[in-house]
Amino acid sequence: MRAERIHPAVFRWLPQSVQRIVEVGAGTGRLTLELLGRAEEVVAVEPAAPLRDLLAQRLARAKRGDRARVRDGFFDDLPLPDDWADLVVACSAFTPEAGHGGDAGLAEMERVCRPGGCVAIVWPNHLHWLDARGYRYLSFGDEEMFVEFASHAEAVELTEIFYPDAAADVRRGAARRVPFATLGVNPPRDVAFKVMPP
């Protein structure tokens, strides 16, 4: 997929100027690149070596990319000391499942966040699960949002793999822009967050 663009209000909500940010499950850097101008130091943690390599290449070409380090690590074993970051954030990677976060992952994200800092899950799922763990929820905007594929053929191909229940509708639609509503997925315009007690 070319882009599952995050709602711009999410970026406006995230802190604009802090000392340190940790992004967990950074992937190829969809969020990482947006964070570079917001902190003196950004650590992007990603367990998959091919994604880490792509992210490192993107950062090498990015303005202020020298502020970021890419590290190997998992949600439940972050390679950082206690109380290190002002913001610890994950975007579309965190779930309640143990391999993708879970209680151990939340505990680890909270461990590396300083008192008064914020742990934020951008584009969260399982909101009741996060609410039960003290996370608040914000949603921005109500306009229709789209996944931007490179072509209609790519939209059909990737929908058949990732959203099979929507494949027939996408095939009939003949467009490269597919509404999240068609895919049956919450659009990327929300955040669950917790401010760590002082």
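The values are calculated or read from the model by the stated rules, or taken from the named source; none is laboratory data. Since we're looking at a predicted model, the values are computed, not measured. Heads up, the Cβs are rebuilt from the backbone with ideal geometry, glycines too, and the neighbour counts pull from every protein chain shown.
Things to note:
- Residue count for the range 2-31 satisfying the condition of being under 14 Å from the mean Cα position of the chain (by Cα) and within 24 Å of L158 (Cα to Cα): 12.
- Matching residues in the range 1-22 - criterion: being assigned to a helix (DSSP H, G or I) and closer than 28 Å to P115 by Cβ: A9, V10, F11, R12, W13
- L158 being among the aliphatic types (A, V, I, L, M), within 30 Å of A175 (Cα to Cα) and not assigned by TED's automatic domain parsing to the domain that holds V170: no
- The residues of the range 114-126 that are touching a residue at least 40 places away in the same chain (Cβ under 8 Å) and more than 18 Å from A44 (Cα to Cα), listed by number, are P115, G116, P124, N125.
- Residue count for the range 127-174, restricted to those that are small (G, A, S) and either loosely packed, with under 13 Cβ neighbours inside 10 Å or touching a residue at least 60 places away in the same chain (Cβ under 8 Å) (or both): 8.
- Among (1) under 21 Å from H7 (Cβ atoms); (2) under 23 Å from the mean Cα position of the chain (by Cα) - the single one H128 does not satisfy: (1)
- Flag if R177 is surrounded by fewer than 17 Cβ atoms within 10 Å (Cβ to Cβ), basic (K, R) and outside the structural domain of L87 (by TED's automatic domain parsing): yes
- Hits in the range 157-191 - residues which are over 29 Å from R136 (Cβ atoms) and part of a strand (DSSP E or B): R177, V178
- Beta carbons closer than 6 Å, at least 6 apart along the sequence or on distinct chains, pair a first residue in the range 88-113 that is hydroxyl-bearing (S, T, Y) and at pLDDT below 95 with a second that is surrounded by fewer than 24 Cβ atoms within 10 Å (Cβ to Cβ) and assigned to a loop (DSSP other than H, G, I, E, B) for S92/W123.
- Matching strands (runs of 3 or more DSSP E) fully within the range 23-105 where at least 1 residues are touching a Pro at 6+ places or on another chain (Cβ under 8 Å) and surrounded by 20 or more Cβ atoms within 10 Å (Cβ to Cβ): 39-45, 85-91
- Each residue in the range 164-175 was checked for being modelled with pLDDT of 90 or more and touching a helix residue (DSSP H, G or I) at 6+ places or on another chain (Cβ under 6 Å), and 5 of them qualify.
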